[in-house]
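Beneath this line is the structure, given in structure tokens, with notes to follow.
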Amino acid sequence: MARTVIAQYSRNGIAALYRRDDAGVVELMLVPVDLTGAVVRDDCAAEPLVQAKIVGDDYPFGFSQGRTMRNSATVAAMRYAGQRVEERAGETVVITRLEDPRGYAYVHVLRMGDDSQAVEIATSFENHADAPVTLEMLSSFTLGSLSPFVQGLAPETLTLHRLRSTWSAEGRLVSEPVEDEQLEPSWQGFSANSVRYGSIGSFPVRQYAPFVGLEDTTHGVTWAAATTHASSWQIELYRRDNGLAISGGIADREFGHWTRTIAPGETFAAPYAVATAVHGGVDDASQALAGNVRHRLDLPDSERAMPVVFNEFCTTWGVPTECSVDEQIEFLGRLRRRNGGTGIDYFVIDAGWFDDKAFEAASRLGSWQVSPTAFPHGLKPVVDRVHAVGMKAGIWFEFEIAGRDDAECFNRRAWLLSRDGVTITSGNRRWWDMRNPDVRAYLAERVIDFLQENGFDYVKVDYNDTIGIGCETPGAAGERAAEPGDPASLGDGLVEQIRASQEFFREMKRRVPGLIVEICASGGHRLVQSFMEIGSMASFSDAHECDEIPVIAANMHRMILPRQSQIWAVVKHDQPLAKLYYQVASGLLGRLCFSGDTGSLRDEQVETIAAAVRWYAKAAPVIDHGVSAWFGPRIVSYRHPRGWQAVVRRGEAGTPAEGRTLAVLHTFHDAPGAVEIPVPAGSVADDVWARPGIDVAVDGAAGVLRVSGLREFDGLAVLLR
């Protein structure tokens, strides 16, 4: 099992080691660059660069079937065929080729950049044989021989971190010893012990977020990885001997109903994944992964300052009208004048502009015709009035869906997704087949042309149900399909459906220059990197008015960039002023979005909102460029949180936030009257966001922020320098 390092590359603190064992298997190992000399593990099987399974090849043994498809005869047939490296400005790209004597090749690409603390890994399969071949599993990434800094079993030293997720409770961190998941080798090393988890359908953040962390608590190093695609995914942890391995990618045939037939001369590319190895724990590793999206962002100029948003949904609750919008524009115009010409810069008309009934009471989705009752003059004059007060205008769509109350769309079966020959229906929703060029042309007219003709600057794209295990691809099994996808595979139909949807998003951005795109999927069900690189921001959750908003908002720091995490503050005229401070402090954990009773707010509430907009502008650089740390007792119940939570975000060197820190504190049920929070030594308070009666003191010498006068459900923030 001896290993030979055949190549080593490093950038931005990460080292990638390629090691080959005596049998010729090449594995990838990621370690912090200063620990390359500490790598000692060679007492386990090497983890191949690629995990794959071809239909017809022998399945893996060790009680594997139904549990894992890793390490089959397909993997045993792979042979290392060489590696080349491309050094570019600010990045290193390593391309490694594996070949199968039957005429197949696997290309493994690793990208390391000075602009990211994570690496990107992509895998593709090439068919150079004379006959089609069908894959039933292909990994995006693999990492093995974990932990590399020790020999032997090393019991009770590895902690598994995952992010659980459900509607309005996204991103819950769950940490446990690997032994609790029975990830130990058996006494004889025979059983292949595996934990395979993921999400099936077109809600990729459901049950779990596509993330895994593995922490070596002895050596203080954490490895983390995330898949990035928005269809069914899986991550596996596997252990048969002393070394633990991790892999992930498209959910395979057993887990996600996926196969893919590749014709001679064709190539199939799996979605890319991101991975890292850092000094520190899961908070450091997860933020390194989330930050990787930054180098892929294509943001409009208006997004540089991270403007505050107003969305009218929690004002009209899905029944917007020209009259209601005019009242809100007038309110926001007064707010801007009160702030010397600055204020809330984005105004979004949410669901219901196309219907005369409250959203979700009806489902007139698909035709996208403006309601002549609600907006008798159309939307163009409304947009003009939004622009006239200095704001950008936004509109809501759920354009991938046909709703039951839009019969012409709902019954257009040739354009809709099917399974078992039946149109897929969930409640009042069916799905357009986004692979169909006729569907895309229709939506280009109804959505893109609509945005252009009415002058919209911002589009919120919602998505309120999941397709499930997959969809059929028109065509006969074994023949070339009429659309992208394998006719024999529901899972592959889903892969191509989501890829086509994302391409429509990109076409929308190309045709409407400067368009601000908000990603939403019943809140946070689409918070994956392939969508976050398309959107300017995303709805963090549907928890719009809940006590647990700051808990979920803090969770987002492990999943997405805070600059992309839109957090709502729904202001009601009869709520105490202290609640508004709580809500604004929650918004300081991401992108602040107001909604609520604009027509009946008290003067003190209006003044507090104006002050919040000014305060947010000061904090925005740290929200955008920082590294977060969590303090406080563990929050067990989200619906009845107890204790307190603090997030301390330190500005990153070399950014406008350098030398600055933002501390955000929330209290819950049974809160203490005073707390102490660690902050950088030498800190002094620059500004405080807190209700009257709360005392804030900074002990720079001790590196402590002391807050007293607290009550249940207080929210405050302190800017430090």
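Some values worked out for this structure:
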quantity	calculated
Helical segments meeting 30 Å axial Cα length and Kyte-Doolittle -0.5 threshold in the chain (DSSP H)	603-624
Amide H within-cut-off set for residue 395, under 5 Å, with H built and near neighbours excluded	349, 458, 459, 460
Convex hull of segment 3-292 built on C-alpha atoms - directionally averaged projected area, nm²	14.2 nm²
Whole-angstrom Cα spans of segment 145-197 along principal axes, big to small	44, 24, 16
Highest-first arrangement of 692-701, 284-293, 501-510, where packing means the average Cβ count within 10 Å	284-293, 501-510, 692-701
Added length on full extension, which subtracts the Cα-Cα distance from 0.36 nm per residue, residue 702 to residue 86	217.0 nm
Other-chain or far-sequence residues with amide H under 5 Å of residue 467's (modelled H)	202, 203
Pairs beyond 28 Å (Cα-Cα), from 357/579; 572/618; 460/618	357/579
Nitroxide proxy distance, nm - points 7 Å out along Cα→Cβ at residue 438 and residue 7	4.8 nm
Globularity index of segment 403-492, i.e. its alpha-carbon radius of gyration over 2.2 N^0.38 Å	1.21
Net +/- balance of residues flanking residue 96 in space, Cβ distance below 13 Å, scoring K and R +1, D and E -1	+3
Over segment 533-636, relative contact order from alpha-carbon pairs under 8 Å, at least 6 apart, %	25 percent
Relative contact order (percent, whole number), segment 188-229, Cα cutoff 8 Å, 6+ residue spacing	27 percent
Calculated diffusion of segment 154-281, Stokes-Einstein form, Kirkwood radius summed over Cα pairs, 4 °C and 1.567 mPa s, µm²/s	82 µm²/s
Alpha carbon convex hull of segment 628-720, projected area averaged over orientations, nm²	6.0 nm²
Residues whose placed amide H lies under 5 Å from that of residue 145, excluding near-sequence neighbours	47, 244
Radius of gyration and Dmax over the Cα atoms of the chain, both given in Å	26.2, 78
Surrounding net charge for residue 300, when Lys and Arg each add one and Asp and Glu each subtract one, Cβ distance under 10 Å	-1
Global size of segment 1-95 as Cα Rg and Dmax, reported in angstrom	15.6, 48
Alpha carbon Rg of segment 363-454, scaled by the compact-globule rule 2.2 N^0.38 Å	1.26
Cα pair distances in segment 38-148, grouped into 5 Å bins until the bin that holds the longest one, percent each	2, 10, 18, 20, 19, 15, 9, 5, 2, 0
Under the Karplus curve 6.51 cos²θ - 1.76 cosθ + 1.60, θ = phi - 60°, whole-Hz ³J(HN,Hα) for segment 69-81, x wherever Gly or Pro sits	10, 5, 6, 7, 5, 4, 5, 5, 7, 6, 10, 5, 10
Contact order relative to length of the chain, as percent, for alpha carbon pairs under 8 angstrom and 6 or more apart	10 percent
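Since every read-out is calculated from the coordinates, none of them should be taken as a lab result. What you see is a predicted model, and the numbers here were worked out from it, not measured in a lab. When we count neighbours, we look across all protein chains shown, and the Cβ atoms used for this are built from the backbone with ideal geometry, even at glycine.
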